[in-house]
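Undergrad: Dumping the structure here so I can ask a few things about it.
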Amino acid sequence: MKLKKCILAIIGFAIMTAGIFADETKNQVELTLSINWNFGLYKESTFSNITQGLITPRFQLETKIFSGNFLHKITADYFFAHPNSAMTNTAVVYKNYDPITGESYYESSQSNLSFHRIRLQYDAVYELWQNEKFELYVGGNFACNAYLQFEHYPSITGLISVGPASVLKYTIDDRNSLFLAGSMPLAGFGVRPPFAGCDAELMKYAEEDFMKIFTLGKFLSLHNYQSLLLDFEYKLQASQKVSTGLGVTFEYSRVAVPKERPLYYLDGSLKTMVSIIF
């Protein structure tokens, strides 16, 4: 526990002091909008043991701030899908009861399952090594992740975490460059209902005092939360202020809270992007 607190303190200190020692004469801001074609799968075992497939557009807004020897990266990531599965392709017939006539009757229903993923992440990395072609940055990140699944009621997983991050830039020539970024959570905190939907206690807290929901959370570390995010980009400088590019993103996550009903998430996406440089 002391080691984990020490690591968290070091990462937090690195992030908070990222801009203090930077050389302000080298400032540059790069704003990138990308539209991705997302493909992957997930398994939400609090809701169903059926693995779902995802093929859907994905939207990402990213800001890179080069300040002296530091690189600050802020990412907002969202996609929405109606997963394809046996649950959504097959109507279910169930027996209902009329409280007025006292008679029972049969009614059909089809699932309208929807899945949302939201990620907000801040990376602060320091230029550790540089030559004519390569730039290597190493530091830490702070991330907020939400996995939302809606049927007749919601099943929501919310996570916050900190961990190491790195960026490698390779300059091919004056107009072409490659970026490779990677990050993973080392420790964090998560709130996740033990069954599909918001359980009675969580709903009660949401009505009375929203902040009490955090008392239902669990500490996260490598024993119950493993995740890896890799991002590869190729950029072509179209003009002094505008660049375009293509990229590939890969992410794997396993959230074992509760331990008996984990969430698995495996995802990749192809992206096209446009960047404006200030």
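The values are calculated or read from the model by the stated rules, or taken from the named source; none is laboratory data. This is a predicted model, so every value here is computed, not measured. Positions of Cβ are backbone-derived with ideal geometry, glycine not excepted, and every protein chain shown enters the neighbour counts. We work out accessible area using only protein heavy atoms, side chains counted, and drop any ligands, DNA or RNA first. Shrake-Rupley method; radii C 1.70, N 1.55, O 1.52, S 1.80 Å.
Undergrad: Take 122, 265 and sort them by solvent-accessible surface of the protein heavy atoms, 1.4 Å probe, largest at the top. Could you put the intermediate results ahead of the total?
TA: Values: 122 60, 265 0 Å².
Ranked list, largest accessible area first: 122, 265.
Undergrad: Let me ask you something else. Would you kindly derive the ³J(HN,Hα) couplings of the stretch 254-270 from the backbone phi angles with the Karplus curve 6.51 cos²θ - 1.76 cosθ + 1.60 (θ = phi - 60°), listing them in order in whole Hz, with x for Gly and Pro?
TA: 9, 10, 9, 9, x, 4, 6, 9, x, 10, 10, 9, 10, 8, x, 8, 9
Undergrad: Continuing with the same structure: Would you work out what percent of the accessible area of the stretch 113-163, with all protein chains in place, is carbon or sulfur (probe 1.4 Å)? Don't jump to the answer; show the numbers that get you there.
TA: On the way: 1510 of 2230 Å².
Solvent-exposed carbon and sulfur of the stretch 113-163 make up 67 percent of the total.
Undergrad: Using a 1.4 Å probe, how large is the accessible area of residue 118, given in Å² and rounded to the nearest 10?
TA: 70
Undergrad: Could you put 29, 274, 162 in order of accessible surface area, largest first, with the 1.4 Å probe and the full protein assembly present? Intermediate results must be reported in sequence, preceding the final value.
TA: Details: 29 50, 274 75, 162 30 Å².
I get 274, 29, 162, largest accessible area first.
Undergrad: What is the spin-label model distance, in nm, from residue 248 to residue 118 if the labels are put 7 Å beyond Cα along the C-beta direction?
TA: 3.1
Undergrad: How would 42, 97, 126, 106 line up by accessible area, probe 1.4 Å, largest first?
TA: Accessible-area ranking of 42, 97, 126, 106, largest first: 106, 97, 126, 42.
Undergrad: Can I ask one more? Cβ under 11 Å from residue 31's Cβ, residue 31 left aside: what net charge do those residues give with Lys, Arg +1 and Asp, Glu -1? All intermediate terms of the calculation are to be shown ahead of the outcome.
TA: Numbers: positive: 64, 241; negative: 30, 62.
In short, 0.
Undergrad: In addition: For each pair in 64/259; 43/271; 95/259, compute the distance between the two Cα atoms and list the pairs where it is over 28 Å.
TA: The pairs that break the limit, which is 28 Å between Cα atoms, are 64/259; 95/259.
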